[in-house]
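Chemist: My structure is below; once you've seen it, I'll send some questions.
Values in this text are rule-based calculations from the coordinates and carry no lab data. Please read all numbers here as calculations on a predicted model, not as lab measurements. All Cβ positions, even for glycine, are placed from backbone atoms using ideal geometry, and neighbour counts span all protein chains on display.
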Amino acid sequence: MIPAPPNEVFQRMVDLRRHFHRHPELSFEEVETARAIMAELDRLGIPYEYGGAGSGVVGRLAGTDPAAPTVAIRAEMDALPCVERTALPFASETPETMHACGHDAHMAMLLGAADMLRASPPAGNVLLVFQPAEERGNGSLVMLRSGMLDGADAIFGVHVTHHYEVGEIMVTRGTVTARADRFTIRVRGRGGHGARPHEAVDAVVIAGFLITSLQTLVSRTINPAFPSVVTVGSVRAGSAPNIIAEDAVLEGTIRTTRHEARQQIVDGLHRMANALGHQHNAEIAVTMGEWSPPVVNTDRETEVARRAAQRVVGPDAVVEQDYPSMGAEDFSYYLREIPGCYVRIGTRGADGEYIPLHSPLFDVDENALKVGACFFERVAHEAAARLGRPRADTATEAV
């Protein structure tokens, strides 16, 4: 079942989504995107705060009951460094930048919901949160530190996905996404001439050993029942084909759903780097950095989201996630301070073709805009009506 918001609202969402898609901006560079959002809020007569370049926009809708909870609903503004290959008539006009993760749709959904909420306000106040830099993993922290979300009693977010069809909404309590940690491995060898390897310590060869060996941390160290992924996503080394590289830098991520699995991988990574350094007479340094904690939906807010989803698409189209996604999402930082729920909106179209997020071919069936906007609108009403004060405790981190 696909809901039917007012036709003029839907058409406006389509126009906005295509505008955002045509003019994507990278994390912390979303100046024109923020300007377009503020122009639409001005058109709707909704007041807002803007923190300036590198920050976000928060619209403020007054509810009908000052004693009712304040509900935040969030969308992301940033795009990815990606060369688009969709051939859409509104494809990206920004070189090597694309809304390959559906944030253009999220913003349009939230603005459509704002239009409907303006016409029919809920009991409580609503914060319309347009956040920068989700793809960098720390834009939500910028919003929390700005103080613009102070007073929020609950927060809800959505994400489009081809894992589900248009008209389906995934709502799951507890852990929804994995924890993600970034790592950097710096290999320092000894440079030399390509014809005389015995006089050098080849950082490229050592990096190659590391890339292959790191995969055994999951396949031969971690309990197979504990989902874990180690990915080396970036390798930088060398300056010329006839020079043995002195330095190499590997960057990657560790994704886990259990604390003990994460610790085993981190310990193993350090152990492996130290051993290879001794074996090859090189200096190998490992630097760890948390990217995003897991998204852990809180119980009461999950039930509110489930009820809202059922009202929007019907009970049979509300599905649960079988197991946590290994993807990361900085909505998790909100949930450390504000109880809430993160859901997924199906956007696989009638052709049934699955295209993954972050693909240069990614697109959404625009009927999903109706689902997302109506979910945002309904969850604001349900949360304001059903979540009393004082604020519920946030969920305990599960990994």
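Chemist: Going by average Cβ density within 10 Å per residue, which order do the peptides 347-353, 321-327, 157-163 take, highest to lowest?
Modeler: Answer by packing, highest mean first, reads 157-163, 321-327, 347-353.
Chemist: Among 231, 286, 207, whose Cα sits farthest toward the positive end of the charge dipole of the range 179-292 (+1 at Cβ of Lys/Arg, -1 at Cβ of Asp/Glu, about the Cα centre)?
Modeler: 231
Chemist: May I pose another question? Provide the FRET efficiency to the nearest 0.05 for the residue 4-residue 42 pair, computing r from the beta carbons and using R0 = 25 Å. The partial results should precede the final answer.
Modeler: Working: r = 27 Å, r/R0 = 1.07.
It comes out at approximately 0.40.
Chemist: If you restrict to DSSP beta bridges whose two residues both lie in the range 1-155, what percentage is antiparallel, to the nearest 5? The partial results should precede the final answer.
Modeler: On the way: 9 of 17 bridges.
So the antiparallel bridges amount to about 55 percent of the total.
Chemist: Turning to a different aspect of this structure: Got a sec? Which residues in the range 142-164 would a label at residue 60 touch, if it sits 7 Å along Cα→Cβ and we count backbone N under 20 Å?
Modeler: 142-156, by backbone N distance to the label point.
Chemist: May I pose another question? Under the Karplus relation 6.51 cos²θ - 1.76 cosθ + 1.60, θ = phi - 60°, what is the ordered set of whole-Hz ³J(HN,Hα) values for the range 309-316, x standing for Gly and Pro?
Modeler: Rounded to whole hertz, the list is 4, 4, 5, 7, 10, x, x, 5.
Chemist: Can you tell me the dipole magnitude for the chain around its Cα centre, using point charges on the Cβ only (Lys, Arg +1; Asp, Glu -1), in Debye to the nearest 20? Can you show the working numbers first?
Modeler: On the way: 37 positive and 51 negative charges, 141 e Å.
Dipole size: approximately 680 debye.
Chemist: Which value results for Rg/Rh of the range 179-292 when Rg is the Cα radius of gyration and Rh the Kirkwood radius based on the inverse mean 1/r? Before the final figure, lay out the partial values.
Modeler: Numbers: Rg = 15.0 Å, Rh = 14.6 Å.
Dividing the radius of gyration by the Kirkwood radius yields 1.03.
Chemist: Mean separation of Cα pairs under 8 Å and 6+ residues apart, divided by the residue count of the range 159-273: what relative contact order is that in percent?
Modeler: Relative CO of the range 159-273 lands at 33 percent.
Chemist: Follow-up question, since we're still on this one. With θ set to phi - 60° and the Karplus curve 6.51 cos²θ - 1.76 cosθ + 1.60, what are the ³J(HN,Hα) couplings of the range 94-108 in order, to the nearest whole Hz, using x for Gly and Pro?
Modeler: Rounded to whole hertz, the list is 9, x, 6, 9, 8, 7, 8, 10, x, 5, 4, 5, 4, 5, 5.
Chemist: Hey, what do the phi angles of the range 281-297 turn into as Karplus ³J(HN,Hα) couplings, whole Hz, using 6.51/-1.76/1.60 and θ = phi - 60°, x for Gly and Pro?
Modeler: Using θ = phi - 60°, the values come out as 6, 10, 9, 10, 10, 10, 10, 9, x, 5, 9, 8, x, x, 7, 10, 5 Hz.
Chemist: Restricting the count to DSSP beta bridges whose residues both fall in the chain, what percent are antiparallel, rounded to a multiple of 5?
Modeler: 70 percent
Chemist: Calculate, in nm to one decimal, what residue 358 and residue 212 gain on full extension: separation in residues at 0.36 nm each, minus their alpha carbon distance.
Modeler: Contour length minus the Cα-Cα distance gives 50.1 nm.
Chemist: Multiply the residue separation of residue 281 and residue 90 by 0.36 nm, subtract the distance between their alpha-carbon atoms, and state the gained length in nm to one decimal. Working shown, then result.
Modeler: On the way: separation 191, 0.36 × 191 = 68.76 nm, distance 5.39 nm.
Here the answer is 63.4 nm.
Chemist: Please report the base-10 log of the normalised intensity I(q)/I(0) for the range 40-190, using a Debye sum with one equal scatterer per alpha carbon and no solvent, at each q in 0.10, 0.14, 0.17 (1/Å).
Modeler: Listed by q, the Debye log ratios stand at -0.45, -0.83, -1.16.
Chemist: What distance in nm separates the two pseudo spin-label positions at residue 15 and residue 120, each 7 Å out from Cα along the beta-carbon direction?
Modeler: Label-label distance for residue 15 and residue 120, simple model: 2.3 nm.
Chemist: Could you work out [θ]222 nm for the chain from helices alone, using -39500 (n - 2.57) per DSSP H run of at least four and dividing by all its residues? Round to the nearest 500 deg cm²/dmol.
Modeler: Using -39500 (n - 2.57) per qualifying helix, the result is -10500 deg cm²/dmol.
Chemist: Expressed as cubic angstrom per residue, what is the convex hull volume of the alpha carbon set of the chain?
Modeler: In the chain, the Cα convex hull volume per residue is 147 Å³.
Chemist: Skipping prolines and chain starts, which residues have an amide H placed within reach, meaning under 5 Å, of the one on residue 291, given they are 5 or more residues away or on another chain?
Modeler: 180, 181, 182
Chemist: Seen from all sides and averaged, what is the projected area of the convex hull of the Cα atoms in the range 122-224, in nm²?
Modeler: Its average projected convex-hull area is 13.3 nm².
Chemist: Under the rule of at least 5 residues apart or a separate chain, name every residue whose amide H is placed under 5 Å from the amide H of residue 76.
Modeler: Close amide H contacts, sequence-distant or interchain: 107, 131.
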